[in-house]
Amino acid sequence: MSETRSGFTRFDTISEFESYIKNLKITRKVNGLQVHHMALPNYDCFYKSNGNTEDELTRTINLNSYGKSMGWACIAQHFNIFPNGKITTGRDINKTPVGITGWNTNKICIEIYGDFDKNKDTMKVSQKEAIIAVYGILCEKLNLTPSTSTIRPHAWFTSGGTYLGDYSTSKSRKTCPGTNFMGFGNSKNAFVNNFYPLIKNYMSNRNTPKEEPEQTEQPKEGKYIVRYLQTTLNNVYKCKLVVDGLYGPATKSAVKKHYLKIGNKGDHVVWLQKALINRGHGIEADGSFGSKTKAAVIAYQKSRGLSADGYAGYDTHSAIIND
């Protein structure tokens, strides 16, 4: 059953979402749909080590807080699609999104939970089915034909908003929705040959491709947030850790030797800042451990029952990894 909290609604099924869209009154002109992935939060944040999954509405509320901390009126996007196929509302549909510079007017912004660059998250079947359905249902509502004119990923634009028409590793603002999005990527050919046909097929037949049952066990390569930390520790401190995503003795020992405090700068600080942003704290990942980062660390420590000293040491790193 759907649920509404703090002004946001979660749809547990595609049929619930479709009923909502059919009855939704859109008063502004909409002629295009954006495609994004969140990158952070990623699947490690959703599928927790204790076996639970993250609450979709809590995440949406945190994204709204983050948007306000960035100076926006509210959350940037209109819809969020989660790994389990559930969907939440975001920004008022009749308000312009904060999604793609140069391509926000008359558009709807959709964020897909996860990091779908190569060697990162492997999209769940449930999420893939929901994505195809969401775009198909919205195209029907808006009388849009899926094409390069109506559905565009962030990867096809520069930071300044220039439309490239394809993904460029040197010019694109972001990789959104990921270089391995749905297994075929973010290029123009990938969308023309794969993504648009999937949406059109759904619109015609209400079918989504069936695949092998999802695997629920922990991926063999371990957690992404740990792999990211191990890579960072190796690059910054020459720790020579095996990048396996497992928070074992060697990684824990390295963390104990390299805590973070106010005044620190660099990639290790960026790792910490991104982790805090992912947990709802409105700071920038600028690589500088200043007063705002310290305040976020203290707030996080208090929320997890840790000693609130503002130092990101072993206990704080461990709490983040096991969150």
Checklist entry - Which angle between 0 and 90 degrees, to the nearest 10, do you get for helix 14-23 versus the longest principal axis of the chain when only C-alpha atoms count? => result 60
Checklist outcome for this item: Using a 1.4 Å probe on heavy atoms of the protein chains only, the accessible area for Trp156 in Å², nearest 10, reads 0
Next on the checklist: With just the Cα atoms defining each centre, how far is segment 140-206 from segment 71-126? Give it in Å.
Outcome noted: 14
Checklist entry - Size of the dipole of segment 228-274 about the Cα centre, Lys and Arg at +1 and Asp and Glu at -1 on the beta carbon, nothing else charged, in debye to 20? => result 200
Item to check | Antiparallel DSSP beta bridges within the chain, as percent of all bridges there, nearest 5 | outcome: 50
Checklist outcome for this item: Taking the square root of 5λ for each eigenvalue of the C-alpha gyration tensor of segment 48-205, the equivalent ellipsoid has semi-axes, largest first and in whole angstrom, of 22, 20, 17
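May I ask you to give the solvent-accessible area per residue for the chain, in square angstrom, as obtained with a 1.4 angstrom probe? Intermediate values should be presented prior to the final figure.
Numbers: 14860 Å² over 323 residues.
It amounts to 46 Å² per residue over the chain.
If each DSSP helix of 4+ residues adds -39,500 (n - 2.57) and the sum is divided by the residues in the chain, what number results at 222 nm, nearest 500 deg cm²/dmol?
Values: 10 runs with 113 residues, N = 323.
Counting only the DSSP helices, I get -10500 deg cm²/dmol.
Considering only protein heavy atoms and a 1.4 Å probe, what is the carbon-and-sulfur percentage of the accessible area of the chain? Each step should come with its number before you reach the end.
Working: 6990 of 14860 Å².
With neighbouring chains kept in place, the figure for the chain is 47 percent.
Output needed for the chain: three equivalent-ellipsoid semi-axes, defined as square roots of 5 times the C-alpha gyration tensor eigenvalues, in descending order, whole Å.
On the way: eigenvalues 237, 87, 77 Å².
Three semi-axes, in Å: 34, 21, 20.
When the dipole is taken about the Cα centre of segment 52-154, and only Lys, Arg (+1) and Asp, Glu (-1) are charged at their Cβ, what size is it in debye, to the nearest 20?
On the way: 12 positive and 10 negative charges, 49 e Å.
The dipole magnitude comes to about 240 debye.
Can you compute the charge dipole magnitude of the chain about its Cα centre, using +1 on each Lys and Arg Cβ and -1 on each Asp and Glu Cβ, nothing else charged? Give it in debye, rounded to the nearest 20.
Working: 42 positive and 28 negative charges, 169 e Å.
For the chain, the charge dipole is close to 820 debye.
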Checklist entry - Using a 1.4 angstrom probe and counting only protein chains, how large is the accessible area of Ile110 in Å², to 10? => result 0
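From the Cα trace of segment 138-195, what convex hull volume per residue do you get, rounded to a whole Å³? Intermediate results must be reported in sequence, preceding the final value.
On the way: hull volume 4.7 nm³, N = 58.
Value for segment 138-195: 81 Å³ per residue.
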Checklist entry - Given a 1.4 Å probe and the protein chains all in place, what does the accessible area of Val255 round to, in Å² to the nearest 10? => result 0
Item to check | Karplus-derived 3J(HN,Hα), 6.51/-1.76/1.60, for each residue of segment 40-50, Hz, glycine and proline x | outcome: 10, x, 10, 4, 4, 6, 7, 8, 7, 5, 8
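Compute the Kirkwood hydrodynamic radius of segment 89-182, taking the inverse of the mean of 1/r over all pairs of distinct Cα atoms, and give it in Å to one decimal. Could the numbers behind the result be given before it?
On the way: mean 1/r = 0.0699 Å⁻¹.
Computed over segment 89-182, the radius equals 14.3 Å.
The values are calculated or read from the model by the stated rules, or taken from the named source; none is laboratory data. All of these numbers come straight from a predicted model, not from anything done at the bench. Please note: Cβ atoms are built from the backbone with ideal geometry, for glycine as well, and neighbour counts cover all protein chains shown. Quick note on the areas: whole protein, heavy atoms, side chains included, nothing else; ligands and nucleic acids left out. Shrake-Rupley method; radii C 1.70, N 1.55, O 1.52, S 1.80 Å.
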